[in-house]
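J.: This structure is in structure tokens; I'll ask about it shortly.
The values are calculated or read from the model by the stated rules, or taken from the named source; none is laboratory data. All values derive from a computational prediction rather than experimental measurement. Cβ placement follows ideal geometry from the backbone for every residue including glycine, while neighbour counts extend to all protein chains displayed. Each accessible area value is taken on the protein alone, full model and side chains, heavy atoms only, with ligands, DNA and RNA left out. Shrake-Rupley method; radii C 1.70, N 1.55, O 1.52, S 1.80 Å.
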Amino acid sequence: MTCLELESRSYREGCIPVLETERLILRAPKLEDAKQVAALANDKRIAENTRRIPHPYSRADACDFISAVNVPDGEIAFLITTRDGVPVGACGIAACDEPAPEIGYWLGAPFWSRGFATEAVRALIDFAFTELELDGLSAGARVTNPASRRILEKCGFQWTGVGLCRIRALNSSAPIDRFRLDRGLWSSLRSWTAVKRVS
């Protein structure tokens, strides 16, 4: 599918809600976001800590990402923006080899160390358990990425072990810490502010 074909498929924007947190808005990525997504994701540090982001990352890669998500029975993805609309990263939920769907997320380097990732992941978790009514979620973080591990732990994920994961930007596998969050634990630990669903 090309970017031009995607333009006529406006149902993509309407198939997931818009979520608001205290400082962020999570919404479906749109074609016009491709340039900004590419500019943020074209960072080797990001690519080497995610499964599927290639490096270098071009506008065409961003178009491919946008065209592949938020389709029936497919991966759900949100563009993370500030409340004034500035894109800062992305997050989503996808089926995987684990017993529970897996969440993933990344932020552009200019937005690191501000708590945005934790805020976005909490919104994503709330969406998964309330709107999608999932029983559990899985996640992974490279063992060399303690910041991502801290985000998952702050959000209630429990460490389940270490495994290998194929990292596209490395063209090889790397060890990752595996995590899981069950609905019951989420419900008992949920102390963060509820996410407001806009649409």
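J.: Where does region 112-161 land on Rg(C-alpha)/(2.2 N^0.38 Å)?
T.: On the way: Rg = 11.4 Å, N = 50, 2.2 N^0.38 = 9.7 Å.
Computed over Cα atoms of region 112-161, the ratio equals 1.17.
J.: Give me Rg/Rg_expected for region 78-184, where Rg uses Cα atoms only and Rg_expected = 2.2 N^0.38 Å with N residues.
T.: Numbers: Rg = 13.7 Å, N = 107, 2.2 N^0.38 = 13.0 Å.
Computed over Cα atoms of region 78-184, the ratio equals 1.05.
J.: Now a separate question. In region 18-110, what GluC sites (Glu not before Pro) fall in a loop by DSSP, with at most 14 other Cβ atoms inside 10 Å?
T.: Glu22
J.: Any chance you could list the semi-axes, whole Å, largest first, of the equivalent ellipsoid that the Cα gyration tensor gives for the chain, using √(5λ)?
T.: 24, 21, 16
J.: Using Cα pairs closer than 8 Å and at least 6 residues apart in sequence, work out the relative contact order for the chain, in percent.
T.: 23 percent
J.: Same structure, new question: Using the Cα centre of the chain as origin and beta-carbon charges of +1 (Lys, Arg) and -1 (Asp, Glu), tell me which of Cys91, Gly136, Cys155 is placed farthest towards the positive end of the dipole.
T.: The listed residue farthest towards the positive side: Cys155.
J.: What whole-number distance in Å separates the alpha-carbon centres of region 105-119 and region 130-152?
T.: 14 Å
J.: Starting at the first residue of region 85-95, write each ³J(HN,Hα) from the Karplus equation 6.51 cos²θ - 1.76 cosθ + 1.60 with θ = phi - 60°, in whole Hz, x for Gly and Pro.
T.: x, 7, x, 10, x, 8, 8, x, 10, 9, 5
J.: DSSP loop (so not H, G, I, E, B), at most 10 other Cβ within 10 Å: list which GluC sites (Glu not before Pro) in region 108-199 pass both filters.
T.: Of the GluC sites (Glu not before Pro), the ones in loops of region 108-199 whose Cβ has at most 10 other Cβ atoms within 10 Å are Glu133.
J.: By how many nm would the segment from Lys44 to Arg59 lengthen if fully extended, with 0.36 nm per residue of separation less the alpha-carbon distance?
T.: That works out to 3.8 nm of additional length.
J.: Still on this model: Could you give each residue of region 63-76 its phi-based ³J(HN,Hα) in whole Hz, using Karplus coefficients 6.51, -1.76, 1.60 with θ = phi - 60°, and x for Gly or Pro?
T.: 4, 4, 4, 4, 6, 8, 9, 6, 10, x, 6, x, 5, 9
J.: Say a paramagnetic label sat at a point 7 Å from the Cα of Thr82, along Cα to Cβ; which residues of region 16-42 have their backbone N under 13 Å from it?
T.: 23-25, by backbone N distance to the label point.
J.: Which residues in region 80-105 place their backbone N less than 11 Å from a point set 7 Å from the Cα of Asp135 along the Cα-to-Cβ direction?
T.: 100, by backbone N distance to the label point.
J.: Name the residue, out of Arg83, Arg183, Arg114, whose mean-square fluctuation peaks in a Gaussian network model built on the chain with Cα pairs under 10 Å.
T.: Of Arg83, Arg183, Arg114, the Gaussian network model singles out Arg114 as fluctuating most.
J.: Report, to the nearest whole %, how much of the accessible area of the chain belongs to carbon and sulfur atoms, 1.4 Å probe, protein only.
T.: Result for the chain: 50 percent of the exposed heavy-atom area is carbon or sulfur.
J.: Of Cys15, Cys155, which has the most accessible area and how do the rest follow, probe 1.4 Å?
T.: Cys15, Cys155
J.: Additional query: I want the antiparallel fraction of DSSP beta bridges within region 1-156, as a percent rounded to 5.
T.: Close to 95 percent.
J.: Please list, in order along region 130-139, the HN-Hα scalar couplings obtained from phi with the Karplus expression 6.51 cos²θ - 1.76 cosθ + 1.60 (θ = phi - 60°), rounded to whole Hz, x for Gly and Pro.
T.: Those phi angles translate into 8, 7, 8, 6, 6, 8, x, 9, 10, 7 Hz.
J.: Counting only heavy atoms of protein chains, what accessible area per residue, in Å², does region 51-104 have with a probe of 1.4 Å?
T.: For region 51-104, the per-residue accessible area is 46 Å².
J.: Trp159 versus Ala94, label points 7 Å from Cα toward the beta carbon: distance in nm?
T.: My value for the distance between the label points is 2.6 nm.
J.: Report the label-to-label distance for Arg114 and Val71 in nanometres (one decimal), using points 7 Å from each Cα along the Cα→Cβ vector.
T.: Roughly 3.3 nm, to one decimal.
J.: If amide H atoms are built 1.01 Å from N in the plane of the peptide, which residues on other chains or at least 5 residues away come under 5 Å of the amide H of Ile176?
T.: Excluding prolines and chain starts, which carry no amide H, the hits are Val143, Gly163, Leu164, Cys165.
J.: Might you report the magnitude of the Cβ-based charge dipole of the chain about its Cα centre, with Lys and Arg at +1 and Asp and Glu at -1, to the nearest 20 debye? Working shown, then result.
T.: Working: 26 positive and 25 negative charges, 124 e Å.
Once rounded to the nearest 20, the dipole reads 600 debye.
J.: Given the options Thr130, Thr81, Thr118, which has the most mean-square fluctuation in a GNM of the chain, springs set between C-alpha atoms less than 10 angstrom apart?
T.: The residue with the greatest mean-square fluctuation here is Thr130.
J.: Oh, and also: If you add up the charges near Leu164, with Lys and Arg at +1 and Asp and Glu at -1, over every other residue whose beta carbon is less than 12 angstrom from its beta carbon, what do you get?
T.: +2
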